[in-house]
1. Specify whether the C-alpha gyration tensor of the chain places it in the rounded, prolate or oblate class, a ≥ b ≥ c being the square roots of the eigenvalues: rounded for a/c under 1.5, otherwise prolate if a/b is larger than b/c and oblate if not.
2. Under a crude label model (7 Å from the Cα following the beta-carbon direction), how far is F72 from Q33 in nanometres?
3. Select from L21, Q40, N75 the residue farthest towards the positive end of the dipole of the chain; place +1 on Cβ of Lys and Arg, -1 on Cβ of Asp and Glu, and compute about the Cα centre.
4. How big is the charge dipole of the chain about its Cα centre, in debye rounded to the nearest 20, if each Lys and Arg gets +1 on its Cβ and each Asp and Glu gets -1 on its Cβ?
5. Tell me what the chain gives for mean residue ellipticity at 222 nm when only DSSP H runs of n ≥ 4 count, each as -39,500 (n - 2.57), the sum divided by the residue total, rounded to 500 deg cm²/dmol.
6. Taking R0 as 22 Å, what's the FRET efficiency between Y91 and F24 from their Cβ-Cβ distance, rounded to 0.05?
7. Can you classify the stretch 44-93 as rounded, prolate or oblate using the Cα gyration tensor, where a ≥ b ≥ c are the square roots of its eigenvalues, rounded means a/c under 1.5, and otherwise it's prolate if a/b beats b/c and oblate if not?
Amino acid sequence: MKKLQIVCYIIGISQLVLGGLYLFAPSFFIEWQGLNVPTQDMNYPLAMLAGRFLVYGVGMFVIARQPAENRFWLNGMIAIQLIDLLAGVYYTMVGIVSFESSMIPMSNAAVFIVLMIVFGNISTKKVTHA
């Protein structure tokens, strides 16, 4: 199996786990991350967010089967991870979120970005023979 495909499957699994947690146990998950538990009415937008995690999680399995043909959607996940990373950096730097709470999500986003870019470029290059 190609490296990019493995990365896509790992990201897909992570998205499905995040989606499940935000849909079925949002307060527990948020508190476990060391963040302030929002009021119960915030579970509604968190459930909507969960839907996006779940759909893109399944989508990563589709992308993994043919990454070159699904480059637009792979680039979409790179953009999502970049936004996640930048948001983490911003909210940590202004002191709203502790480094302990943001360190793992930011690290995951950075690693996912690098792996998708590096392996994506390797796997989509065409080899020409002389």
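Only the coordinates and a few stated rules stand behind these numbers; no lab work does. It should be emphasised that the depicted structure is a prediction, and the values quoted were computed from it without experimental measurement. In this analysis, Cβ positions are derived from the backbone assuming ideal geometry, glycine residues included, and neighbour counts consider all displayed protein chains.
1. Prolate, since a/c reaches 1.5 and a/b exceeds b/c.
2. 2.9
3. Going by the charge dipole, the pick is N75.
4. Its charge dipole is roughly 740 debye.
5. -27000 deg cm²/dmol
6. Calculated value: 0.35.
7. oblate
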